[in-house]
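Notes for the one structure printed next.
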């Protein structure tokens, strides 16, 4: 995640990407919003013990990762590809979260 973010962030100062500055800034903002949801998932799941709200949270994270992959692709394919293992992990964690919610209903 960090390397992917960095690969996009360094393009802000690159004159070659000056026409894509809005896309770069939007992508970085989306990344930071996603990071907020990522940080709150543990609080919701473990701290508040709200499994359903954590499931909604992780689904939001998953959607943001898919959006990030598509936005990053047009800026730096490496940054986009680096997010694929993260998407796989969040997909697995979503299935676990869903299973725990089903078992505890």
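Throughout, read-outs are computed from the coordinates displayed, never taken from laboratory work. The structure presented is a predicted model; accordingly, all values stated were derived computationally and were not measured. Quick reminder, even Gly has a Cβ in these numbers, built from the backbone with ideal geometry, and neighbours come from all protein chains shown.
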Linear extension gain, residue 103 paired with residue 77, 0.36 nm per residue minus alpha-carbon span: 5.4 nm
Between the modelled labels at residue 48 and residue 86 (7 Å from Cα along Cα→Cβ) the distance in nm is 2.3 nm
Distances longer than 19 Å among the Cα atoms of the chain: what percent of all pairs is that? 46 percent
So for the pair residue 21, residue 96, with labels modelled 7 Å out along Cα→Cβ, what separation do we get in nm? 4.3 nm
Exposure-ranked with fewest Cβ neighbours within 10 Å first, 84, 67 stand as 84, 67
